[in-house]
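What follows is calculated from the coordinates using simple rules that are stated; it is not laboratory data. This one's a predicted model, so the numbers in the text were calculated from it and none came from an experiment. Please note: Cβ atoms are built from the backbone with ideal geometry, for glycine as well, and neighbour counts cover all protein chains shown.
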Amino acid sequence: VVDDYNGKVGDIAVIVLIVEGPQWFVSKLTVTGIQQLDATGILPTLSSSEGQPFSEFNVASDRDAILAYYYTNGFPNASFEWSSNPGPKPNQVDLQFTISEGHRQFVRDVLVEGLQTTRPGVVARNVLLAPGDPLSPIRMTDTQRRLYELGIFAQVDMAIQNPDGATQRKYVVYDMEEAKKYIFDGGLGAEFARIGGCQTCLDVPGGAAGFSPRVSFDVTHLNFLGLGHTISLRTRASTLERRGILTYLAPRFRNHDNLDLSFTALYDDMRDVNTFSSKREEGSVQLSQKLSKPSTMLYRFSYRRVSTSNLKIDPNLVPLLSQPVRVGILSSNYIQDRRDDPIDPRKGIYNTVDVGLASKVFGSQVSFGRGLARNATYHKIGKKLLLARQFTFGDIIPFNYGSRTTDPLAAIPFPERFFSGGGSSHRGFPENQAGPRDLTTGFPIGGTALLFNSTELRMPLLGDNIGGVLFHDAGNVYSSFDKISFRVRQRNLQDFDYMVHAVGFGIRYRTPIGPVRLDLAYSINPPHFFGCKGNISDLIKCGDPANAGSRTNQSISHFQFFFSIGQSF
């Protein structure tokens with residue numbers, strides 16, 4: 001140990017000197033004592049085989065593997081000993097593994113106690129032991145884990161009846177305590193950003209500073225009808241949205257550990273886009289498949305009815321875009337999550353790919369294909385800095401729309417288009433203000449393609465709980481895929497298909513529920529556009545060339561701010 005290392009008072013250096021010495025190898029491995037089991041089931045997997053490097057760590061691994069093999073096959077009293085002798089050549093050893101098998105035990109029966117409302121079949125499907133099977137402590141523990149994972153038991157105790165008795169066949173007992181059936185949750189929150197603006201006014205298409213309080217209430221019924229299924233109702237209300245979601249979840253569908261089936265009914269009344277208010281009634285069925293620990297596939301069919309109101313667009317477009325639309329869409333979603341912490345990641349990768357098809361075959365009134373992909377990575381730079389980046393790309397392709405309109409963009413209903421911008425996508429825009437705008441009123445009308453890239457340099461500022469972020473956001477929502485451009489200059493007041501850049505600084509305060517963040521952004525090249533004076537009843541005047549005086553030149557503000565909980569990505 002060196003004090004004041006490199007002349008810095010208080011620093012110490014720990015220097016470890018390693019003398020390797022010669023490397024030892026296994027010249028011969030002899031295993032004795034295997035009588036009742038097939039030796040070929042374990043010997044090929046051992047690390048200490050002939051010709052391999054010798055280490056006590058490998059011997060310990062082999063011991064664990066051999067005993068696990070015996071425990072799984074009903075030998076709970078199996079034991080392992082090892083010894084070594086010098087080999088025929090220098091730096092070689094002869095290994096001797098000696099196994100004492102003990103008496104083999106079997107399951108006489110599995111007894112389940114403590115069930116009140118749970119149907120016995122729910123437990124039986126998750127028990128990995130049956131009468132006549134070898135008595136395996138490993139399978140007993142795996143069964144206990146599976147029962148806990150159902151989420152309907154507060155406690156699962158397991159035991160072997162008369163474990164020290166001489167009989168070979170034992171009763172395995174599981175004693176369950178069922179969890180509470182009902183869970184109630186509630187919460188209060190708020191959003192503070194450029195989300196405001198009069199609901200019927202035309203003067204502020206870019207939004208205004210606003211405060212949106214919200215309240216949520218959830219109720220969950222576990223073990224519905226004793227089936228091990230869950231039914232839940234989640235509600236949320238704010239000045240921007242009223243939402244209710246009813247979900248029925250059947251885990252381990254058809255007794256497959258990696259499959260979950262769910263049914264969802266949704267009602268949503270929202271105006272998070274200043275251009276319109278929307279109401280959505282939706283029903284969906286989804287099958288979730290766990291491919292591996294980080295990877296999941298979702299297969300989903302949704303059928304929804306969406307209607308819009310309070311449209312602040314060219315009055316000639318109102319009759320077309322205000323009609324209620326039914327959409328039936330079949331989609332799938334791939335999720336890969338290798339982050340160390342989903343709330344505040346420090347390393348890892350996160351990928352999602354979502355593709356869907358809406359067609360008249362599924363009862364849809366509009367036909368289109370939709371894709372949305374996202375990639376985010378997190379890289380440590382030294383001990384204190386973190387580089388985080390996210391790339392998002394999406395595209396919507398309409399087809400068979402000739403009977404409704406000749407405009408591909410108009411063929412996609414407002415609620416099905418891409419609306420983006422804001423604290424979690426592009427901080428150079430207020431919430432959902434990126435992309436094409438109505439040429440008459442200046443309100444955003446969404447697009448069928450989007451491209452965003454965000455980069456953050458995260459660093460500590462004060463202690464362990466307060467950090468800072470330098471960020472750069474680039475991208476936009478585009479009217480169509482072929483209009484995607486990396487141009488940084490807006491050609492005219494009708495051009496919105498260019499790339500907007502923003503830079504800024506943020507503060508993060510770490511809390512038990514995630515970081516609280518405040519972001520201040522400066523948009524380098526925000527869009528300019530025509531606006532309109534008055535309220536929604538004056539739309540017809542805005543579209544009349546004789547009332548040119550009612551139109552104004554407007555732009556998205558250079559400065560944006562966002563306050564919320566959680567990292568931006």
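A few comments on the model shown:
- Cross-link pairs exceeding 24 Å in C-alpha to C-alpha distance, out of Lys347/Lys384; Lys290/Lys380; Lys180/Lys293; Lys293/Lys347, comprise Lys290/Lys380; Lys180/Lys293.
- Pairs of C-alpha atoms in region 390-521 farther apart than 23 Å represent 41 percent of all such pairs.
- Estimated at 0.36 nm per residue, the fully extended path between Thr45 and Leu457 surpasses their Cα-Cα distance by 143.7 nm.
- Spin-label model distance (nm) - Val361 vs Ile15, 7 Å beyond Cα toward Cβ: 7.3 nm
- Dipole of region 182-565 [Lys/Arg +1, Asp/Glu -1 at C-beta], most positive-end residue of Gly422, Phe505, Met297: Met297
- Each peptide among 552-559, 291-298 gets the average number of other Cβ atoms lying within 10 Å of its residues, and from highest to lowest they stand as 552-559, 291-298.
- Rounded to the nearest 20, the size of the Cβ-charge dipole of the chain about its Cα centre is 1680 debye, with Lys and Arg at +1 and Asp and Glu at -1.
- Rg of the Cα atoms in region 1-76, relative to 2.2 N^0.38 Å, amounts to 1.88.
- Only aspartates and glutamates eight or more places from Lys383 in sequence, or on another chain, were considered; those with a Cα closer than 18 Å are Asp11, Asp340, Asp341, Asp344, Glu456, Asp464.
- Difference of contour (0.36 nm per residue) and Cα-Cα distance, Ser332 to Lys28: 104.0 nm
- Long-range HN-HN contacts of Phe559 with modeled amide H, under 5 Å: Ser523
- The convex hull around the C-alpha trace of region 106-178, projected and averaged over every direction, spans 4.4 square nanometres.
- With a simple spin-label model that places each label point 7 Å from the Cα along the Cα-to-Cβ direction, the separation between Glu81 and Asn255 comes to 4.4 nm.
- Label-point separation in nm, Gln116 to Lys384, each point 7 Å along Cα→Cβ: 5.5 nm
- A simple packing score, the average count of other Cβ atoms within 10 Å per residue, orders the peptides 415-422, 34-41 as 415-422, 34-41, with the highest score first.
- Here r is the Cβ-Cβ distance between Asn553 and Lys347 and R0 is 56 Å; the resulting FRET efficiency, rounded to 0.05, is 0.75.
- Nearest-20 debye value, region 23-100 charge dipole, Cβ charges on Lys, Arg, Asp, Glu: 120 debye
- Among beta bridges that DSSP assigns inside region 23-100, antiparallel share in %, nearest 5: 55 percent
- Distant alpha-carbon pairs in region 229-303 (separation over 17 angstrom), percent: 55 percent
- Computed [θ] at 222 nm, helices only, for the chain once each DSSP H run of length n ≥ 4 contributes -39500 (n - 2.57): -2000 deg cm²/dmol
- Excluding same-chain neighbours fewer than eight residues apart, the aspartates and glutamates reachable from Lys170 by a Cα-Cα span under 19 Å are Glu101, Asp109, Glu113, Asp133, Asp142, Asp157.
- Across the options Leu188, Gly534, Gly467, the greatest Cα extent toward the positive end of the charge dipole of the chain (unit charges at beta carbon of Lys, Arg, Asp, Glu) belongs to Gly534.
- Candidate values (1) 32.0, 106; (2) 28.3, 89; (3) 23.1, 70, label of the one derived for Rg and Dmax of the Cα atoms in Å: (1)
- For Leu135, residues with placed amide H under 5 Å, excluding near neighbours: Gly74, Gln105, Phe106, Val107
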